[in-house]
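Contents: one structure, followed by commentary.
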Amino acid sequence: MADTSFVDEQHLGISSARRSRKSEWLLALFFLLSLPFLNPWVRGDGVGYYAFARAPLIEHSLDFTKDYQFANESFRGPRLDENNQPKSGFRTPTGLLDNHFTVGPAILWTPFLLLAHTGVLLARALGSSVAADGFSAPYRITMALATAFYGFLGLLLAFRLARQYVEERWALLATLAIWWASSLPVYMYFNPSWSHAHSAFAVALFLWYWHETRSSRSLLQWLLLAVIAGLMLNVYYPNAMVLAVLAVEALRKYYAALRRTVGEAGSEIPRLTDLLVNHVLFATVLLICLLPTFITRYLVYGSAFESAYVPLRDWDWFSPHFFAVIFSSNHGLLSWTPILLLAIVGLFLFWRREPLVGAPFLAAFLTFYLFISCYPDWAGISSYGNRFFVSLTSFFILGLAVFFHHAAQVFRSRRAALAAAVALLAVSSLWNAGLIFQWGSHLIPARGPVYFSEIVHNQFFVVPRELSADLQRYLFHRKALMRQIEERDIQQLKKNPPPP
């Protein structure tokens, strides 16, 4: 007699794999259709990030003079004098120009930019006049495509993680919702030279690999995890808070190992010495992988440990901005991207349901939140929503997927639950698109607090009238539109200059 249970399980496994491939192909299709929204410009903070890739590639040095001269006016103005030369105040003790931005995005861009540079040099040898300066269109388009690609990989990894705990439909809808109803699209498409999409990818890769190896991690896997963690920190310093995932895991395993030493044996309980060796290896490899950051800090500032950000001693450790980070009109996380409330609720639900994985994830989210709450510039200055939390995109996808899973139980049928989730996805994405348009076109200030009454009025009466025309200009006459946006930004800066 045939083993029908095995046949059924095998059939279900094949069906599940087919559905997974369909979902991933659907995500890939959405990604390809979204590429016309890519905006290949280098602007604002992106000037500093991109300079770490362009200057070594083209200048063969860390001389950022040309990067700052090529920058947009609001970035260039405070740094260059009337002769378009760097002001002395922006020279560091080593004689280089101040560039406190991280080197990680440049590491991720470099393989793509090397290909672009090779293509440009080949084209010039064949008679093309395209400039091989790192600023011409082939370089900027390559940079933007690479950023979007990394952002998409981060979404895909988060989707694969979420579908291990909920039905695939909820993982797919959660991925689409966070993709289009959070701050991610601004930094994946509109400002691709900034670091946030890279950060979302690096964190997703770390969480995915940690999750895949959590049950039994070999020395080689510890080494690879450390390499990924090093990339994650090279890309964005606050991502160090995500290492709370490892801290919670370590506490649980050390506790089990100590109990083993007093006589409570267990075949799956690790030995104390093994844990120490693994963690020492991880820490050692992590420090080695941070050499790009240490070396660039040393070359630019003369000290490997100089971040050039606000010193930790000057942070608001005793007066954290807990409420403002979440609810402030000055780029509050939930006031600008309200769908993240459901994702955060989902993280708590996940902790209750799957404590071995949920507790480390929730601890990392809360540690990151505490860290940003103590940062003096917690609002992100020029930011869409609270851009720091784009790093936690994978957390939010998992949390929202779990929320959808639990909320579905309230409905009488799966069809009704699915319809409600799709409706939420549509409404939140449309609202976010309108708000991005207001922010990007400077209908509302890019810096500082906004008035929600003005936002609501614009969403219903201004955005519908102007969006169609500006979208057409964005797709077909982008240079002129970007110039207009930059002029509006300069006007707002003159009217409300940032504090010194």
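The values are calculated or read from the model by the stated rules, or taken from the named source; none is laboratory data. Note that this is a predicted model, so its numbers are computed, not measured. Note that we place each Cβ from the backbone using ideal geometry, even for glycine, and neighbour counts take in every protein chain shown. For the accessible areas, the whole protein counts, side chains as well, though only heavy atoms, and no ligand, DNA or RNA atoms are used. Shrake-Rupley method; radii C 1.70, N 1.55, O 1.52, S 1.80 Å.
Key figures
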| read-out | value |
| --- | --- |
| Built amide H within the under 5 Å cut-off of LEU80, gap 5+ | LYS87 |
| Computed Rg/Rh of the chain, alpha carbon atoms with Kirkwood Rh | 0.98 |
| Accessible surface of segment 70-196, 1.4 Å probe, proportion on carbon and sulfur as whole % | 61 percent |
| Rounded if a/c under 1.5, otherwise prolate or oblate - segment 334-484, Cα gyration tensor axes | oblate |
| Leading residue at positive end of dipole, segment 187-280 (Cβ point charges), from MET232, LEU275, PHE206 | LEU275 |
| Cα-centred dipole magnitude for segment 294-388, charges only on beta-carbon of K, R (+1) and D, E (-1), debye, nearest 20 | 220 debye |
| Shape of segment 259-402, Cα gyration tensor, a/c cut at 1.5 | oblate |
| The chain: DSSP helices with Cα axial extent of at least 30 Å and average Kyte-Doolittle hydropathy no lower than -1.0 | 4-34, 104-125, 137-162, 414-440 |
| Relative contact order for segment 398-500, counting Cα pairs under 8 Å that sit 6 or more residues apart, in percent | 21 percent |
| Under 26 Å between alpha carbons - lysine pairs in the chain that sit 8 or more apart or on different chains | 7 |
| Exposure ranking of VAL245, VAL280 by accessible area [1.4 Å probe, largest first] | VAL280, VAL245 |
| Accessible surface, 1.4 Å probe, highest first, among residues GLU59, GLU487 | GLU487, GLU59 |
| Charge dipole (segment 155-313, unit charges on Cβ, about Cα centre) - positive-most of LEU161, ALA244, ALA257 | ALA257 |
| Stretch gain in nm, segment LEU251-GLU24, where the contour uses 0.36 nm per residue and the Cα spacing is subtracted | 78.2 nm |
| Cα pair distances exceeding 23 angstrom across segment 117-226, given as percent | 47 percent |
| Cα→Cβ-extended label distance, 7 Å offset, between LEU62 and LEU35, nm | 3.5 nm |
| HN-Hα J in Hz across segment 443-458 - Karplus 6.51, -1.76, 1.60, θ = phi - 60°, x for Gly and Pro | 5, 10, x, 6, 10, x, x, 10, 9, 5, 5, 5, 4, 5, 4, 4 |
| TRP222 accessible area, 1.4 Å probe, all protein chains in place, Å² to nearest 10 | 10 Å² |
| Size of electric dipole in the chain: Cβ of Lys, Arg +1 and of Asp, Glu -1, about Cα centre, debye, nearest 20 | 620 debye |
| Cα gyration tensor, segment 33-129 - rounded (a/c under 1.5), prolate or oblate | prolate |
| Largest-first ordering by accessible area, 1.4 Å probe, given options GLU354, GLU212 | GLU212, GLU354 |
| Of every Cα-Cα pair in segment 374-439, the percent that sits beyond 17 Å | 60 percent |
